[in-house]
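Peer 1: This is the structure I have questions about; it appears just below.
The values are calculated or read from the model by the stated rules, or taken from the named source; none is laboratory data. Since the structure is predicted, the reported quantities are computational estimates derived from the model, not experimental observations. Positions of Cβ are generated from backbone atoms using ideal geometry, with glycine treated the same way; all protein chains shown enter the neighbour counts. The area values use the complete protein model at the heavy-atom level, side chains included, leaving out ligands, DNA and RNA. Shrake-Rupley method; radii C 1.70, N 1.55, O 1.52, S 1.80 Å.
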Amino acid sequence: MTEKYNFDEIVSRHGTDSVKWDLAKDDVLPMWVADMDFKTAPEITKAIVEKVSQGVFGYGLVPANFFDAIIHWWKEIHQFSIKKDWILPGPGMIPTLSAILRTFVKPEENIIIQPPVYNHFYNFFENCEFGVVENNLIYNNGTYEIDFNDLELKASDSKAKVLLLCNPHNPVGRVWKRNELEKIAEICAKHQVMVVSDEIHADLVYEGHQHIPFASVAENYNLESVTCGSPCKTFNLAGLPISYVISQNVGILNKIHKTFEIQETSYPNPIAATALIAAYQKGNNWLEELKIYLSENYQYLSEFIKENIPEIKVLPLEGTYLVWLDCQSLNKTSDDLSKILLEDEKLWVNSGTMYGKAGEGFLRINIGCTKANLADGLNRLKNFYDKIPKT
């Protein structure tokens, strides 16, 4: 494929009110939050500029081709056919997940999660006072598996109402296989536990792996479920939050829509809707080049660490641009490691315990950056390692 897009371009984000870069002081290199340093696809920028150039920013309807674009994308990229009335627009992934949980879970009921898992899942429980039950993933031979026996046990509790699934899984980088998702569906259908599948990283899946929409599995079971999607991670649009919910059960979508209305979040931002349409209609070539670039970054990181920091194990990256590092051999807590790296080497990465106690001994590093910044970050990691007394 002839390269069309320049992912090596250095884009200065200092002074742009960037969470990632403007919170980083004193020459700190931020490789933490899931925010890439690449310009989005120019096809998206062009569509946004055209929309803004109208100069009128009144109340907007959801464009008809909003639904067409989503239907096209899921058919083209994920080989899953959906219909317009299966889709509910949302205001962004976090408020959408929050609305779904508020709709179907009472404060005295429990939500099952699978740590180590996306840290905002824990925020839901604190903010909404839901009960949380942890079905910890099993770390086995350098990768993660679902503990189905434990999931069966946790789902059998009558207070368990929802399994909050991360598919693909952040931070461990797993892309769940069909047989794994079918086992989840079987267990949750048996115990009448609803599945809410966060699929914001669905498009960022690498060669040899395939994203399986949970909705495509759930249709074969007597199971309540919703699948949540968004272009924001794929196309680096976190500052233009938008999302959508997919379900064949129109009654479920209507209940969620009612919660959106209570929260006054039932209409997506018109600029964000424009970005979604452009992304899903014209962004695939950009995405394919992005995945090649990210794969090269992952390969570079893996080889660098193997050669220079052999005590750290790099876990396989099946999906996302967030690499999970096993640092248990360094005999330091995750919090201590991240603190030392930030203070001594000016390298900002995430402590594994952000994602639950099951993340102890691990770090998460973001490779959604230029090769130059990745090399800089890895050299800072090596500088830290070289200072550790060796036995």
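Peer 1: If we keep just the residues of the range 362-390 that are modelled with pLDDT under 95 and in a loop (DSSP other than H, G, I, E, B), which is surrounded by the fewest Cβ atoms within 10 Å (Cβ to Cβ)?
Peer 2: The initial filter retains those residues of the range 362-390 that are modelled with pLDDT under 95, namely 387-390.
Within this subset, residues satisfying the condition of being in a loop (DSSP other than H, G, I, E, B) are 388-390.
On the way: Ile388: 13, Pro389: 4, Lys390: 6.
The qualifying residue surrounded by the fewest Cβ atoms within 10 Å (Cβ to Cβ) is Pro389.
Peer 1: Additional query: Give the range 46-60 a look and list any residue that's farther than 22 Å from Asn236 by Cβ and surrounded by 13 or more Cβ atoms within 10 Å (Cβ to Cβ), or say none.
Peer 2: Gly60
Peer 1: Same structure again: Which one of the conditions (1) open to solvent by 20 Å² or more (accessible area, probe 1.4 Å); (2) in a strand (DSSP E or B) does Ile112 fail to meet, given that it meets all the rest?
Peer 2: Every listed condition holds for Ile112 apart from (1).
Peer 1: List pairs: first in the range 328-343 and at pLDDT 95 or above, second surrounded by fewer than 15 Cβ atoms within 10 Å (Cβ to Cβ), Cβ under 8 Å, 6+ apart or cross-chain?
Peer 2: Hits for this filter: Ser329/Glu311; Leu330/Glu311; Leu330/Ile388.
Peer 1: For Pro316, which of the numbered conditions (1) under 14 Å from Pro91 (Cα atoms); (2) in contact with a strand residue (DSSP E or B) (Cβ under 7 Å, 6 or more places away or on another chain) fails to hold?
Peer 2: If we test Pro316 against (1) under 14 Å from Pro91 (Cα atoms); (2) in contact with a strand residue (DSSP E or B) (Cβ under 7 Å, 6 or more places away or on another chain), just (1) comes out false.
Peer 1: Working only within the range 157-190, note down all residues that are more than 22 Å from the chain's Cα centre (by Cα), under 19 Å from Asn249 (Cα atoms) and outside any helix (DSSP H, G or I).
Peer 2: Lys161
Peer 1: Look at the range 215-271 and say how many of its residues are part of a loop (DSSP other than H, G, I, E, B) and either charged (D, E, K, R) or open to solvent by less than 10 Å² (accessible area, probe 1.4 Å) (or both). It would help to see each step written out before you state the result.
Peer 2: So in the range 215-271, the residues part of a loop (DSSP other than H, G, I, E, B) come out as 219-224, 230-242, 247-249, 263-269.
Applying the additional criterion that residues be either charged (D, E, K, R) or open to solvent by less than 10 Å² (accessible area, probe 1.4 Å) (or both) yields 219, 224, 230-231, 233-235, 242, 247, 264.
Number satisfying all stated conditions: 10.
Peer 1: Right, something else. Could you list, in sequence order, the residues of the range 6-45 that are open to solvent by less than 30 Å² (accessible area, probe 1.4 Å) and among the aliphatic types (A, V, I, L, M)?
Peer 2: Ala24, Val28, Leu29, Met31, Ala34, Met36, Ala41, Ile44
Peer 1: Quick test for you: out of Thr353, Thr320, pick the one residue that is under 24 Å from Arg174 (Cβ atoms) and open to solvent by 20 Å² or more (accessible area, probe 1.4 Å). Write out each step before concluding.
Peer 2: Numbers: Thr320 fails: open to solvent by 20 Å² or more (accessible area, probe 1.4 Å).
Sole residue among the options that is under 24 Å from Arg174 (Cβ atoms) and open to solvent by 20 Å² or more (accessible area, probe 1.4 Å): Thr353.
Peer 1: What do you reckon, is Gly208 open to solvent by 20 Å² or more (accessible area, probe 1.4 Å) and assigned to a loop (DSSP other than H, G, I, E, B)? Explain how you work it out, then say what you get.
Peer 2: Working: open to solvent by 20 Å² or more (accessible area, probe 1.4 Å): yes; assigned to a loop (DSSP other than H, G, I, E, B): yes.
For Gly208, the condition - open to solvent by 20 Å² or more (accessible area, probe 1.4 Å) and assigned to a loop (DSSP other than H, G, I, E, B) - is met.
Peer 1: Let me ask another. Quick check on the range 275-296. Is at least one of its residues farther than 30 Å from Lys75 by Cβ and either open to solvent by 10 Å² or more (accessible area, probe 1.4 Å) or in contact with a helix residue (DSSP H, G or I) (Cβ under 7 Å, 6 or more places away or on another chain) (or both)? Walk me through it before giving the result.
Peer 2: The first filter runs over the range 275-296 and keeps only residues farther than 30 Å from Lys75 by Cβ, leaving none.
For the range 275-296, residues farther than 30 Å from Lys75 by Cβ and either open to solvent by 10 Å² or more (accessible area, probe 1.4 Å) or in contact with a helix residue (DSSP H, G or I) (Cβ under 7 Å, 6 or more places away or on another chain) (or both): absent.
Peer 1: Just the residues that are in contact with a strand residue (DSSP E or B) (Cβ under 8 Å, 6 or more places away or on another chain) and either of a type in the set (Gly, Ala, Ser) or more than 20 Å from Asp26 (Cα to Cα) (or both), please, taken from the range 334-356.
Peer 2: Ser334, Asp335, Ser338, Ser351, Gly352, Met354, Tyr355, Gly356
Peer 1: For a quick check of your reading of the model, give me the residue pairs whose first member lies in the range 236-257 and is farther than 26 Å from Gly283 by Cβ, whose second is open to solvent by 40 Å² or more (accessible area, probe 1.4 Å) and in a loop (DSSP other than H, G, I, E, B), with beta-carbon atoms closer than 9 Å and at least 6 apart or on different chains.
Peer 2: What qualifies is Gln248/Lys83; Gln248/Glu219; Asn249/Glu224; Ile252/Glu224.
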